[in-house]
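Just so you know, all these numbers are worked out from the coordinates, no wet-lab data involved. Nothing here was measured: the structure is a model prediction, and the numbers come from that model. Here the Cβ is made from the backbone with ideal geometry for all residues, glycine too, and neighbour counts use every protein chain on show.
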Amino acid sequence: MSVTCALCRRVFPNAVRRDSQAIQEHHLRPEERETSPTVTLCRPCHDQIHATFTNEELRADFDTIDALRDADRLSGYLSWIRGTEKLDIEVDTSDHVRGRR
């Protein structure tokens with residue numbers, strides 16, 4: 001069975017699932033794990049979300065997959081990632097997030 005990333009919508013065959021971290025669950029409301037809905041993401045998308053937004057921003061403004069897909073800060077990333085099969089990318093935490101940690 002294949003798995004689709006809820007954010008970039010790339011489809012991953014079973015072979016990719018052999019890497020236990022290739023597909024991850026993202027809590028849409030960080031730090032509220034017990035009550036937070038989750039979505040299935042590929043590792044690059046999960047890493048990019050947390051490098052782009054603070055937990056406070058995720059809870060307040062980006063707590064749905066549609067809000068994340070529509071976020072200006074992710075538009076360039078989503079355009080790029082949809083054209084690749086990569087599961088390992090280098091993600092730099094944005095200055096915006098780094099300054100608020």
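Between the helical axis of 72-81 and the dominant principal axis of the chain, each derived from Cα atoms, what acute angle in degrees is found, rounded to the nearest 10? That works out to roughly 20 degrees.
The label-point distance for Ala51 and Asp70, in a model that sets each label 7 Å from Cα toward Cβ, rounds to 2.6 nm.
Once a ≥ b ≥ c are taken as the square roots of the eigenvalues of the Cα gyration tensor of the stretch 1-81, is the result rounded (a/c under 1.5), prolate (a/b larger than b/c) or oblate (a/b not larger than b/c)? Here the stretch 1-81 falls in the oblate category. In terms of other Cβ atoms within 10 Å, Ser79, Ser36 run from fewest to most in the order Ser79, Ser36. When only the Cβ of Lys, Arg, Asp and Glu is charged (+1, +1, -1, -1), the dipole of the stretch 3-98 relative to its Cα centre reaches about 500 debye. Across the options Ile81, Ala60, Val91, the greatest Cα extent toward the positive end of the charge dipole of the stretch 3-98 (unit charges at beta carbon of Lys, Arg, Asp, Glu) belongs to Ile81.
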